[in-house]
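Q: Got a structure for you, written out below as structure tokens; questions coming shortly.
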């Protein structure tokens, strides 16, 4: 699990819900090299790791929000996003919002947060 870049909890469980704070493409304490594809690939791996720490998977995700510094990266983001859910959640795709932001922490190009529901857990 990556260390947060701010004073927040990366993952919180509340009853049946697991909420993953926004994840950027951090690996080994630094932003991965490359563009939005590489950063989102790592960010999704970070989300997956947080979920697994709580006994959940991407298949349990019901809502995500993706933050992009540049909406011109929307298509590339979609490619990585679809691949992550097709590969790790048997094609399940949660509800999603994608919004443009002025900037993200540590110079990231993309950030993703996720809400998962694991009934009876």
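The values are calculated or read from the model by the stated rules, or taken from the named source; none is laboratory data. Note that the structure is a prediction, hence the values are computed from the model and not measured. We place every Cβ from the backbone using ideal geometry, glycine too, and count neighbours over all the protein chains shown.
Yes/no per residue for (1) surrounded by 14 or more Cβ atoms within 10 Å (Cβ to Cβ); (2) assigned to a strand (DSSP E or B); (3) modelled with pLDDT under 95; (4) at negative phi:
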| residue | (1), (2), (3), (4) |
| --- | --- |
| 51 | yes, no, no, yes |
| 56 | yes, no, no, yes |
| 73 | yes, no, no, yes |
| 106 | no, no, no, no |
| 112 | yes, yes, no, yes |
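Q: Confirm whether residue 84 is surrounded by 14 or more Cβ atoms within 10 Å (Cβ to Cβ) and over 12 Å from the mean Cα position of the chain (by Cα).
A: When the stated conditions are applied, residue 84 does not pass them.
Q: Okay, next question. Just one of (1) in contact with a helix residue (DSSP H, G or I) (Cβ under 7 Å, 6 or more places away or on another chain); (2) modelled with pLDDT of 95 or more; (3) more than 15 Å from residue 105 (Cα to Cα) trips up residue 88, so point out which.
A: Among (1) in contact with a helix residue (DSSP H, G or I) (Cβ under 7 Å, 6 or more places away or on another chain); (2) modelled with pLDDT of 95 or more; (3) more than 15 Å from residue 105 (Cα to Cα), the lone unmet condition for residue 88 is (2).
Q: Restricting attention to the stretch 31-48, which residues are buried (at least 20 other Cβ atoms within 10 Å of the Cβ) and in a loop (DSSP other than H, G, I, E, B)?
A: Answer for the stretch 31-48, where residues must be buried (at least 20 other Cβ atoms within 10 Å of the Cβ) and in a loop (DSSP other than H, G, I, E, B): there is none.
Q: Hey, another quick one. Would you point out which residue out of 55, 15, 34 is closer than 30 Å to residue 120 by Cα and without any contact (Cβ under 8 Å) to a residue 24 or more places away in the chain? Write out each step before concluding.
A: Details: 55 fails: without any contact (Cβ under 8 Å) to a residue 24 or more places away in the chain; 34 fails: closer than 30 Å to residue 120 by Cα.
When all the criteria are applied, what remains is 15.
Q: Okay, next question. Which pairs turn up if I take residues in the stretch 84-103 that are free of Cβ contacts under 8 Å to residues at least 40 places away in the same chain and at positive phi and look for partners that are surrounded by fewer than 16 Cβ atoms within 10 Å (Cβ to Cβ) and in a helix (DSSP H, G or I) with beta carbon separation below 7 Å, at least 6 apart in sequence or on another chain?
A: From residues that are free of Cβ contacts under 8 Å to residues at least 40 places away in the same chain and at positive phi, the pairs are 90/59.
Q: Could you list all residues from the stretch 13-30 that are under 14 Å from the mean Cα position of the chain (by Cα) and either within 16 Å of residue 115 (Cβ to Cβ) or assigned to a strand (DSSP E or B) (or both)?
A: Selection gives 18, 19, 20, 21, 22, 23, 26, 27.
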